[in-house]
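Scroll down for the structure; my scribbles are underneath it.
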Amino acid sequence: MDKEKEIQTCTCNVIHEDIIENARNKMPEEETLYDVAELFKVFGDTTRIKIIYALFMSEMCVCDIATLLGMTQSAISHQLRVLKNARLVKFRKEGKVAYYSLDDDHVKQIFDTGLTHINHR
């Protein structure tokens with residue numbers, strides 16, 4: 001097995017109680033960790049990632065996003081609903097048209113951090 005890909009395990013039987021207690025005391029509530037996991041699941045879809053990236057450039061309506069990605073408006077609307085429920089995008093109405101944009105700067109920060117991690121070699 002390649003040394004870099006080999007999983008290292010601990011061969012000692014010593015429990016470091018102080019380290020465990022410190023980590024336990026700083027661990028967020030279970031519900032908070034669940035919410036973070038759910039947020040990252042939303043990022044687990046390529047179409048949603050493409051939509052987020054497109055919204056970095058400019059706010060867009062469903063028609064614009066559908067044309068850009070070569071998908072149906074219905075498919076884009078479904079993905080936008082998921083993103084909106086996760087508070088990653090917001091919209092404003094202008095007449096009958098809804099324009100979508102990123103909810104706040106945190107969305108771009110999360111995305112950029114992921115991209116930096118992927119590109120880091």
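The values are calculated or read from the model by the stated rules, or taken from the named source; none is laboratory data. It should be emphasised that the depicted structure is a prediction, and the values quoted were computed from it without experimental measurement. We place every Cβ from the backbone using ideal geometry, glycine too, and count neighbours over all the protein chains shown. Note: accessible area is taken over every heavy atom of the protein model, side chains too, but ligands, DNA and RNA are not part of it. Shrake-Rupley method; radii C 1.70, N 1.55, O 1.52, S 1.80 Å.
Would you mind finding the longest exposed-site-free stretch of the chain, with exposed GluC sites (Glu not before Pro) meaning DSSP loop and at most 11 other Cβ atoms within 10 Å? In the chain, the maximal stretch lacking such sites is 30-121. Counting only alpha carbon atoms, the long axis of helix 46-57 and the longest principal axis of the chain meet at about 70°. Considering all different alpha carbon pairs of the stretch 1-64, the Kirkwood hydrodynamic radius works out to 16.7 Å. Shown for the stretch 16-121: the carbon plus sulfur share of the solvent-accessible area, taken with all protein chains present and a 1.4 angstrom probe, equals 54%. Reported to the nearest whole Å, the Cα centre-to-centre distance from the stretch 81-116 to the stretch 2-44 is 29. GNM on the chain, alpha-carbon springs under 10 angstrom: the most fluctuating residue among 11, 47, 32 is 11.
Counting only DSSP H runs of at least 4 residues, each contributing -39500 (n - 2.57), and dividing by the residue count of the chain, the helix-based mean residue ellipticity at 222 nm comes to -18000 deg cm²/dmol.
Near residue 61, within a Cβ-to-Cβ distance under 12 Å, what is the net charge of the other residues, with Lys and Arg +1 and Asp and Glu -1? After counting each charged neighbour, the total is 0.
Simple spin-label estimate for residue 29 and residue 121 gives 4.4 nm between the two label positions (7 Å along the Cα-to-Cβ direction from each Cα).
The P(r) of the chain has a tail past 20 Å containing 58 percent of all C-alpha pairs. For the chain, the solvent-accessible area works out to 80 Å² per residue, with a probe of 1.4 Å and every protein chain left in place.
With all projection directions averaged, the alpha carbon convex hull of the stretch 38-107 covers 4.4 nm².
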